[in-house]
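Enquirer: Take a look at this one; I'll ask things after.
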Amino acid sequence: MQQRWKKYKELAIDQWQQLSIPEKKWAVIGILLFLLLVYAGLIWYPLYSQINLMKSDMLKNRKMVTWMSYADETMTNLKKNAAKQQSPGNASALELISQASKTNTWGSFITTIKPTDDGLVSVMFNNISFDELMRAIEQLNQKDHVQVLKLDAQRVPATNMVQATVDFK
């Protein structure tokens, strides 16, 4: 087998040497053109096609991200609207606490209900049992969805009662 290749190699070298210089130039130009076509067909065109495919995928992905951002914003707004609708009548914490204090027994222990500068409602209880205070806070939270942000309670000496200031939101 090697002798056969050796024979073809010698034949190719002999024929190459018999060509004139212009014929050798044309042969080299032909080989270079063939290699250029192979490069274009096997390497450049597939890469170019892949780049175009990636560009179109990027455009689709951008549209998807835009849609997802819009959907996320819509869901956030829907959750906010649902939370607003869950609070009874969309009333403020001040209105809810005032209404609840009129209909419950613990309302008689309230000395003041006032809004604060930071949007909270400060309620002062005087001579109320600690258990009754906790029931009032729990009722406001469960029924009216009012949350406690701060509780400051002090025991009144010689009694089992407390004086408390509660900040609601």
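Enquirer: Take the stretch 133-159 and flag every residue that is acidic (Asp, Glu) and open to solvent by 30 Å² or more (accessible area, probe 1.4 Å).
Expert: Hits for the stretch 133-159 are 138, 152.
Enquirer: Checking residue 67 against (1) under 39 Å from the mean Cα position of the chain (by Cα); (2) at pLDDT 85 or above; (3) of a type in the set (Phe, Trp, Tyr), which single condition isn't satisfied?
Expert: Among (1) under 39 Å from the mean Cα position of the chain (by Cα); (2) at pLDDT 85 or above; (3) of a type in the set (Phe, Trp, Tyr), residue 67 violates only (2).
Enquirer: Got a sec? Which of 122, 129 is open to solvent by less than 100 Å² (accessible area, probe 1.4 Å) and either among the basic types (Lys, Arg) or touching an Asp or Glu at 6+ places or on another chain (Cβ under 6 Å) (or both)?
Expert: 122
The values are calculated or read from the model by the stated rules, or taken from the named source; none is laboratory data. Keep in mind that what you see is a predicted model, and the values were worked out from it rather than measured. Using ideal geometry, Cβ is built from the backbone for each residue, glycine included, and neighbour counts are taken over all protein chains shown. The protein model used for the area step is the full one, side chains on, heavy atoms only, and it has no ligands, DNA or RNA in it. Shrake-Rupley method; radii C 1.70, N 1.55, O 1.52, S 1.80 Å.
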